[in-house]
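Working notes for the structure below.
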Amino acid sequence: MKGWAVDTTARNPLRIKDILRLFRKYFDGKIWNEETQEALTLRMISSGLYRPTGKSIEKKKLALRGRTWAAVFNRMGFATAFSGKKVAITPVGTRLLCPNVSEDKIFLKQMIKWQFPSPLEKKFRQVNLRPFVALLYLVQSLQNLSKDEIAIFVFPLTDGRDLPAVKKEILKFREGYIALSQSERETYCENTMRKRLDGSEVTISEARRWLANYRDYADTLMRY
């Protein structure tokens, strides 16, 4: 994969707290295996926290959905749930579930800690970046960032030392974008995406696909 990505499982960060509470109630201290992974998904369904598409869900996908949510808790530092080991809610996860706490501050602190490389993100070993810190730098220095700017310039970024250069690229991109009509802007975004992904080796159809994926990731990231 080019650049890095975010997990789109928890598009609404407010769901994290509700599912973490359920996770603590029924699975804290239990061995994390296929049985408990399936059980988590079934608990989510019965509690109305997850609604699978269609009338039923395959048994193997029950466990997959459970693992996916556990991975969210692992990445955010709210719990540790690894195959064959006991589930444990971390101190910060316990604090998040306490009444009268500032959820925003807890999420902010955890997002600032988010970094690559990470033992939990083996796909992104080539990335040297604190994604949320990088995003804050660009938002502060440029006043704002659009979804397309995040998709085109932030997700392909692999080294935090390149941020000043990326800032200049975004400013140049804006100059061209503003001068175009609405119908021309999509092609402009696709061509810029292609250049960001090494245009000599990436076709326009591939760039279009990457742009769609990164826009999806950007939508999730902006919710935090």
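Protection proxy ranking, highest mean first, for peptides 107-120, 27-40: 27-40, 107-120, where packing is the per-residue count of other beta-carbon atoms within 10 Å, averaged. Note the angle between two axes, namely the Cα long axis of helix 34-46 and the longest principal axis of the Cα atoms of the chain, as a number of degrees from 0 to 90, rounded to the nearest 10. Taking the Cα atoms of the chain, the angle to 34-46 is about 80 degrees.
Rg/Rh for the chain (Cα atoms only, Rh after Kirkwood) is 1.02. Could you give the angle, 0 to 90 degrees to the nearest 10, between helix 131-142's Cα long axis and the longest principal axis of the Cα atoms of the chain? That works out to roughly 40 degrees. For the stretch 13-33 versus the stretch 127-204, the spacing of their alpha-carbon centroids is 36 Å. Count Lys and Arg as plus one, Asp and Glu as minus one, and take only other residues whose Cβ is under 13 Å from that of residue 33; the net charge is then +1.
For the stretch 14-113, the direction-averaged projected area of the alpha-carbon convex hull comes to 6.4 nm². Each of residue 185 and residue 123 was given a label point 7 Å from its Cα along the Cα-to-Cβ line. The distance between the two points is 2.9 nm.
Axis of helix 103-113 versus longest Cα principal axis of the chain: the two differ by about 60°, to the nearest ten degrees.
Rule-based calculations on the coordinates, nothing more; no lab input. Source: prediction; values computed, not measured. In this analysis, Cβ positions are derived from the backbone assuming ideal geometry, glycine residues included, and neighbour counts consider all displayed protein chains.
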